[in-house]
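Remarks on the structure that follows.
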Amino acid sequence: MSTIIVELFSINVYDVFEVITMIRLKLNELMDERGLNPRQVSNMTGIRWNTVSDMAENKSKAWSPENLSKIMMALELTDISQLIEYKKEQQG
């Protein structure tokens, strides 16, 4: 029984880094378009400026729905695709 579980588990496991590199925030581009920096976005959203900076540089490993919502409201975005994109990175 445990062997079957291990085999099934190994088939469906994705490398976390691979998934993260395919889904990225467009926050840096949005801030550039609006002439904003991480501290200004922090003041607009209540999110710590270093968290905003990490998000803008796509260094964050996870984004909370609450923070994404705050950013969308502050930047007056109407669709999540304005903030997040799926981009497959070239390997090697």
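Within the range 36-53, is even one residue open to solvent by 50 Å² or more (accessible area, probe 1.4 Å) and within 15 Å of residue 24 (Cα to Cα)? No, the conditions are met nowhere in the range 36-53. Of all residues in the range 55-92, those satisfying the criterion of being among the charged types (D, E, K, R) and surrounded by fewer than 17 Cβ atoms within 10 Å (Cβ to Cβ) are 57, 59, 61, 66, 76, 79, 85, 87, 88, 89.
Within the range 59-75, not a single residue is out of contact with any helix residue (DSSP H, G or I) (no Cβ under 9 Å at 6 or more places or on another chain) and within 18 Å of residue 33 (Cα to Cα).
Answer yes or no: is there a residue in the range 6-19 that is under 14 Å from the mean Cα position of the chain (by Cα) and modelled with pLDDT of 95 or more. No - not one qualifying residue is present in the range 6-19. Among the residues of the range 34-47, which ones are closer than 16 Å to residue 73 by Cα and among the charged types (D, E, K, R)? Matches in the range 34-47: 34 only.
The values are calculated or read from the model by the stated rules, or taken from the named source; none is laboratory data. For clarity, every value in this text was computed on a predicted model and none was experimentally measured. Cβ atoms come from the backbone with ideal geometry, glycine included; neighbour counts cover every protein chain shown. Calculation scope for accessible area: heavy atoms of the full protein, side chains included, ligands and nucleic acids excluded. Shrake-Rupley method; radii C 1.70, N 1.55, O 1.52, S 1.80 Å.
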